[in-house]
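These notes concern the structure reproduced below.
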Amino acid sequence: MLKLVLFRHAKSAWDDPTLDDFDRGLADRGMRAAPLMARWIVDNGHRPDVVLCSSAVRTRATLDLAAETLDLRPRTVRYDDRLYLADAPKIGALVRDLAEDGTTATAKTVLVVGHNPGLHAFALDYIGRGPLAARKRLATKVPTASVIVIQFAVESWSALGPATGELRAFETPKTVCCA
């Protein structure tokens, strides 16, 4: 069994209109949400073996704020320009490529820190089963700092395909802090 944890970057700042989209940092709300969601990830048994993170400033900042809680120091973290605003097929290809890499092929839990609409589309494409109420909620919106956990009944990342995963959790800062 393999587990994929999708983590949408936390709320970004829009206070400097001169910044390119890639260079936007986090808003105060995002700086509070990232560690909150990291704590939920760890407390619910989803600590990653490998992290794939978009190289955009807001995704890196999200991961930086989550890193200590996730205990990432001894683990493999990869920043990848191709994840910046990646669509569902690109995200799928990058995750499947883990099977080819000797240092990450044995990872059982992978965390992807990225952007919408790609993460949302990927989740909708790759989830084939799971609690109906959570799937309906997921279908409508994936707010910033949301975490989606998908489990796959396969032994290799190369075997991932559309509708092969089971939604195990879909949490947002509101559901975690106020549940």
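The values are calculated or read from the model by the stated rules, or taken from the named source; none is laboratory data. Remember, predicted model here, so these are calculated numbers, not experimental data. No Cβ is skipped: glycine too gets one built from the backbone with ideal geometry, and neighbour counts run over all protein chains shown.
Does Ala86 satisfy the criteria of being closer than 19 Å to Lys3 by Cα, in a loop (DSSP other than H, G, I, E, B) and among the aliphatic types (A, V, I, L, M)? No; evaluated as a whole, the condition is false for this residue. For segment 140-179, give me each residue that is hydrophobic (A, V, I, L, M, F, W, C), surrounded by 14 or more Cβ atoms within 10 Å (Cβ to Cβ), outside any strand (DSSP E or B) and out of contact with any Asp or Glu (no Cβ under 9 Å at 6 or more places or on another chain). Answer for segment 140-179, where residues must be hydrophobic (A, V, I, L, M, F, W, C), surrounded by 14 or more Cβ atoms within 10 Å (Cβ to Cβ), outside any strand (DSSP E or B) and out of contact with any Asp or Glu (no Cβ under 9 Å at 6 or more places or on another chain): Val142, Ala145, Val154, Leu160, Val176. For segment 12-32, the count of residues that are in contact with a helix residue (DSSP H, G or I) (Cβ under 7 Å, 6 or more places away or on another chain) and closer than 30 Å to Ala163 by Cβ is zero. Scan segment 10-37 residue by residue and report those that are buried (at least 18 other Cβ atoms within 10 Å of the Cβ), in contact with a Gly (Cβ under 7 Å, 6 or more places away or on another chain) and not basic (Lys, Arg). Within segment 10-37, Ala10, Ser12 meet the criteria.
Checked against the criterion of being modelled with pLDDT under 95 and surrounded by 15 or more Cβ atoms within 10 Å (Cβ to Cβ), the candidates Arg96, Arg73 yield just one match: Arg96. Picking from residues in segment 142-179 that are modelled with pLDDT of 95 or more and of a type in the set (D, E, K, R), the one that is nearest to Pro117 (Cα to Cα) is Glu171.
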